[in-house]
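See structure below.
The values are calculated or read from the model by the stated rules, or taken from the named source; none is laboratory data. Just so it is clear, the structure is predicted and the values come from calculations on it, not from any experiment. Backbone-built Cβ (ideal geometry, glycine too); neighbour counts: all protein chains shown. Just so you know, the surface numbers come from the protein's heavy atoms only, side chains and all, with ligands and any DNA or RNA stripped out. Shrake-Rupley method; radii C 1.70, N 1.55, O 1.52, S 1.80 Å.
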Amino acid sequence: MFPTLDDLATRDALKAFLRRAAPCLSVGLLAADAMAYGTAVADLEAAGSALLHFDVMDGVFCPAFTAGPLLVAAARTQMLKDVHLMVADPIALIPATLKAGADIVHVHPEGLTHLHRALAMLDVDVAGRSGRRVLRAVALNPATPVDVVAPVLDQIDMVTLLAVDPGWSGGAPDAALGRKVERLRLLAAEAGVDPLIAIDGGITEATIGIASGFRPDVIVSGSAVFKAGASIADNLEGLHAAARR
Ligand SMILES: O=C(CO)[C@@H](O)[C@H](O)COP(=O)(O)O
């Protein structure tokens, strides 16, 4: 299901839209055939997917290198654009990412001196889409404690906990990740805020039940949608069914 203009009007409306679909799958485009991204986007839309996830890597923060805001802008879709900046200098990329039409922008605090500044840069109306806001998201590596975000929780709409190091594959949601989710909920309650919680990394039909057991609002999955053998629609249905079990 796609967001309406009302769902896009405010951050709270957008958060409520995603919560209604929880756990909402954000599908990682990077796992699709790079020569056929357009087909992948069309297939995801046809299957009713609401969130399209872009992994932006700079070969510095993480080993691989991928297309950035140009690809985000090129994807013409009703799906929400969820952009994960896995880069050494997210502040440099934020203006182009906003201009590209991102609805959710993730920055990493690891190696970023000015997290507070980066989040303030995301606190803007998006040019050309009157009144529309982006969700300010922070992604945390497996080794990063959630307490890192405590001082800025009032500036954050979404926290994504990675089950794998950014740029690598494999990993899986485990008990340690579950403890991080619980710690985050405690910190958020103490701060009087309610950020969306997402889980990213190693999500397959076999592992999504573990992730959904932690009651996240969003789950990121790429390979299990594009490389699991069946059609994209069937793979998505399989993941949704496994998440509900
Ligand atoms: O961002 C990362 C970490 O490199 C990935 O976790 C992708 O976001 C999802 O990839 P799959 O493992 O689902 O293909």
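State which residue is least open to solvent (accessible area, probe 1.4 Å) when the search covers only the stretch 177-203 and only residues that are within 16 Å of the ligand (Cβ to nearest atom) and closer than 14 Å to Asp147 by Cα. Here the residue is Leu177.
Candidates Ala64, Ala74: the one that is modelled with pLDDT of 95 or more, under 22 Å from Asp33 (Cα atoms) and surrounded by fewer than 20 Cβ atoms within 10 Å (Cβ to Cβ) is Ala74. Taking the stretch 104-138 as the range and being at pLDDT 95 or above, buried (at least 22 other Cβ atoms within 10 Å of the Cβ) and assigned to a loop (DSSP other than H, G, I, E, B) as the test, only His108 passes.
Of all residues in the stretch 31-40, those being surrounded by fewer than 20 Cβ atoms within 10 Å (Cβ to Cβ), within 16 Å of the ligand (Cβ to nearest atom) and in a helix (DSSP H, G or I) number 3. Of Asp7, Asp89, Asp43, which residue is in contact (Cβ under 8 Å) with a residue 60 or more places away in the chain, acidic (Asp, Glu) and more than 13 Å from the ligand (Cβ to nearest atom)? So the residue among Asp7, Asp89, Asp43 that is in contact (Cβ under 8 Å) with a residue 60 or more places away in the chain, acidic (Asp, Glu) and more than 13 Å from the ligand (Cβ to nearest atom) is Asp43.
The residues in the stretch 168-188 that are within 12 Å of Ala211 (Cβ to Cβ), without any contact (Cβ under 8 Å) to a residue 40 or more places away in the chain and part of a loop (DSSP other than H, G, I, E, B) can be counted, and the count is 3.
Residues that are aliphatic (A, V, I, L, M) and within 15 Å of the chain's Cα centre (by Cα) within the stretch 62-86 comprise Val72, Met79, Leu80, Val83, Leu85, Met86, listed in sequence order.
State which residue is farthest from Gly28 (Cα to Cα) when the search covers only the stretch 46-61 and only residues that are within 16 Å of the ligand (Cβ to nearest atom) and surrounded by fewer than 15 Cβ atoms within 10 Å (Cβ to Cβ). The residue in question is Val60. Figure legend. Inter-residue proximity from the stretch 211-240: first residues on the phi > 0 side of the Ramachandran plot, second residues within 13 Å of the ligand (Cβ to nearest atom) and open to solvent by 20 Å² or more (accessible area, probe 1.4 Å), beta-carbon distance below 9 Å, spacing 6+ or different chains. No pairs are indicated.
Contact annotation: residue pairs with Cβ atoms under 7 Å, 6 or more positions apart or on different chains, pairing a residue in the stretch 12-31 that is in contact (Cβ under 8 Å) with a residue 60 or more places away in the chain with a partner that is away from the ligand (no atom under 16 Å from the Cβ) and in a helix (DSSP H, G or I), are Leu14/Asp7; Leu14/Leu8; Cys24/Leu18.
Taken over the stretch 206-223, the criterion of being within 11 Å of the ligand (Cβ to nearest atom) and more than 16 Å from the chain's Cα centre (by Cα) is satisfied by Thr207 alone. Contact map, the stretch 53-77: first residue over 24 Å from Asp43 (Cβ atoms), second residue in a loop (DSSP other than H, G, I, E, B) and of a type outside the set (Gly, Ala, Ser), Cβ cut-off under 6 Å, separation 6 or more or different chains; pairs are Asp58/Val87; Phe61/Val87; Cys62/Pro166.
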